[in-house]
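Structure first, then comments.
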Amino acid sequence: MAASPANFDYDLIVIGAGSGGVRAGRIAAGHGANVAVIEGDRPGGTCVIRGCVPKKLLMYGSSFSADAEDARGFGWKIDGLSHDWAALIAAKNAEIARLEGIYRSLLKNAGATLIEEWGRVTGPNEVTVGDKVLRAGKILIAVGGTPQFIDVPGMEAHAISSNEALDLPVLPKEIAIYGSGYIALEFAGIFNGLGARTHLIYRSDLPLRGFDDDVRAHIAAALHDRGVILHPQNTIERVTAEDGRKQACLKDGSRLEVDAVMAATGRRPNTAGLGLADVGVALGRQGEIIVNDMSQTNVPSLYAIGDVTNRINLTPVAIAEGHAFADSEFGNLTRKADHTNVASAVFSQPPIASVGLSEADAEQRFGKLRVFESQFRAMKNTLSGRGEKTYMKLIVDAASDRVVGVHMMGPDCGEIMQGIGIAVKMGATKADFDATIGIHPTAAEEFVTMRIARQDGSPDG
Ligand code: NDP
């Protein structure tokens with residue numbers, strides 16, 4: 001690592017101490033760079049402070065009600081089950097504080113300087129923090145995104161976003177959640193599991209646009225069976241507030257009287273107020289920073305990673321982008337972050353996970369496919385009496401036999417899909433799946449025992 005020119009304070013300034021920024025900062029520091037990381041909020045960013053981690057803790061917290069119902073079929077007598085929301089929030093907050101401390105230590109131990117203020121880009125090599133101007137050879141923007149409210153009367157004034165939903169002083173008895181993406185489904189599971197009457201309002205016919213259509217149909221049915229009240233092909237036209245309650249007026253003329261309306265209608269990149277347009281950085285229609293596959297903007301000294309670039313908005317992707325940036329720019333190890341076949345999970349209840357293409361996308365890309373499906377009642381559900389079915393699907397390119405899409409709805413699918421993701425990434429064929437001996441009895445073994453292709457119904461293999 002060459003020494004910084006004398007007029008630079010740092011080799012690298014990272015704006016944003018979320019997962020991607022911290023990874024980039026500490027790897028660059030490990031390569032010998034003199035690094036400052038600027039953060040005006042709590043280190044940890046969206047994922048640790050107000051996203052993946054607190055959401056999953058609340059998801060676990062809410063899932064015990066279904067576990068308690070299921071336990072009865074196994075002989076447990078459970079009476080007088082009750083839940084203390086304040087206790088859950090306090091425990092969650094303590095864990096978030098612990099993780100924030102770890103993020104601080106990671107930077108410190110790597111030798112990076114954490115500057116706890118808001119920063120603004122004021123030149124290709126310049127970041128202004130308060131009344132101080134800092135100069136660096138390279139600047140990495142890793143400021144993430146923020147919830148977006150739809151422009152509907154009363155929405156922004158009266159609705160909460162996922163930020164507030166994670167810290168409500170009391171659990172709403174009834175809530176209307178707008179949208180049907182990752183966040184809407186995950187919070188529907190949380191509130192429904194904790195006993196709130198939960199409405200899900202969305203404009204499409206099925207939740208999770210972009211996911212495989214069969215999975216979308218199965219999750220809609222499962223949410224309905226678990227008690228979530230679905231309002232498909234509907235929109236919220238107006239939100240009002242009266243006597244501490246909220247009213248959501250829907251397109252179909254109905255009016256929901258609830259304790260909270262939650263907007264889960266997407267997120268937008270956090271570029272407002274960063275000064276990027278003034279220094280000539282090209283932004284996209286939603287304010288996202290446009291970068292090449294080395295995460296470099298059109299201003300050569302400025303780079304961006306993570307949700308602010310609106311590529312694949314997932315924490316592990318931001319981390320991969322940050323790591324590739326630091327290795328390439330400071331470690332003499334030029335490489336691109338690989339955005340293909342990224343597995344992901346929606347922590348709805350039941351959860352969904354997938355890697356690769358939906359059937360519709362695979363058909364468009366490859367033409368002839370072989371599709372394998374399995375739908376069954378998980379063994380645990382036999383004694384519990386829960387009717388919910390697990391759904392699994394393998395999509396195979398008929399010409400090459402390669403598995404190009406894998407989808408699942410059912411318990412532990414996020415854990416299962418991580419391993420399947422390796423196989424898909426390695427280019428596994430259906431024959432490779434068939435040659436793998438299953439672990440019995442598990443649900444996952446279905447992925448290696450599906451023999452009948454759906455479309456022609458003829459035995460396969
Ligand atoms: P999504 O993009 O997943 O979903 C947005 C939802 O808002 C969709 O249902 C969309 O409807 C709806 N919507 C958007 N605009 C309008 C409008 N004008 N009127 C009515 N409805 C509208 O965003 P989320 O906020 O749920 O999540 C943001 C991203 O964060 C995700 O895409 C994901 O990348 C990431 N994330 C990942 C998680 C995980 O890995 N488990 C968890 C949470 C977030 P339509 O489908 O009709 O467009």
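Just so it is clear, none of the values below were taken in a lab; they were calculated from the coordinates. Small disclaimer: the values here were computed from a predicted structure and weren't measured. Neighbour counts run over all protein chains shown; Cβ positions are idealised from the backbone, glycine included.
Roughly speaking, what is the stretch gain from Asp252 to Phe64, that is 0.36 nm per residue apart minus the C-alpha to C-alpha distance, in nm to one decimal?
Difference between extended and current length: 64.2 nm.
Determine the alpha carbon to alpha carbon distance for each of Lys368/Lys393; Lys389/Lys430; Lys56/Lys108; Lys56/Lys393 and list only those over 19 Å.
Listed pairs above 19 Å: Lys389/Lys430; Lys56/Lys108; Lys56/Lys393.
Taking Lys246 as the anchor, which aspartates and glutamates have their alpha carbon closer than 12 Å to its alpha carbon, excluding any fewer than eight residues away along the same chain?
Here the aspartates and glutamates satisfying the reach criterion relative to Lys246 are Glu174, Glu257, Asp259.
Between Met426 and Lys132, how high is the FRET efficiency from 1/(1 + (r/R0)^6) when r is the Cβ-Cβ distance and R₀ = 51 Å? Nearest 0.05.
0.55
By a straight-distance test (C-alpha under 16 Å), which aspartates and glutamates pair with Lys55 as possible cross-link partners, with residues fewer than eight away in the same chain excluded?
Counting by Cα, and skipping residues close in sequence, Lys55 has these aspartates and glutamates nearby: Glu95, Glu100, Glu164, Asp167, Glu186.
Which angle between 0 and 90 degrees, to the nearest 10, do you get for helix 85-110 versus the longest principal axis of the chain when only C-alpha atoms count?
Long axis of 85-110 versus the principal axis of the chain: about 40 degrees.
Cut-off is 10 Å between beta-carbons; in what order do Trp76, Trp118 appear when sorted fewest neighbours first?
By the 10 Å Cβ count, ascending: Trp76, Trp118.
Please turn the phi angles of the stretch 445-453 into ³J(HN,Hα) values with the Karplus equation 6.51 cos²θ - 1.76 cosθ + 1.60 (θ = phi - 60°), one per residue in order, whole Hz, x for glycine and proline.
4, 4, 5, 10, 10, 6, 10, 9, 6
How would Cys413, Cys47, Cys52 line up from fewest to most surrounding beta-carbon atoms within 10 angstrom?
Result, fewest neighbours first: Cys52, Cys47, Cys413.
Would you calculate a helix-derived [θ] at 222 nm for the chain, using -39,500 (n - 2.57) for each DSSP H run of n ≥ 4 and dividing by the full residue count, to the nearest 500?
-9500 deg cm²/dmol
Simple spin-label model, 7 Å along Cα-to-Cβ: Ile437 to Thr340 in nm?
The answer from the label model is 3.2 nm.
So what's the angle, to the nearest 10 degrees on a 0 to 90 scale, between helix 413-425 and the longest Cα principal axis of the chain?
For 413-425 against the chain, the angle is about 70 degrees.
What is the distance in Å between the Cα centres of the stretch 387-461 and the stretch 189-209?
That distance is 28 Å.
Trp76 versus Phe376, label points 7 Å from Cα toward the beta carbon: distance in nm?
Label-label distance for Trp76 and Phe376, simple model: 2.4 nm.
Does the chain come out rounded, prolate or oblate by the C-alpha gyration tensor, with a ≥ b ≥ c the root eigenvalues, rounded set by a/c under 1.5 and, if not, prolate when a/b is larger than b/c and oblate if not?
Because a/c hits 1.5 or more and a/b fails to exceed b/c, the chain counts as oblate.
To test your reading of the geometry: what angle, between 0 and 90 degrees and rounded to tens, separates the Cα axis of helix 19-30 from the longest principal axis of the chain?
50
Evaluate the distance, in nm, between pseudo-label points positioned 7 Å from the Cα of Ile290 and of Thr113 along their respective Cα→Cβ axes.
3.4
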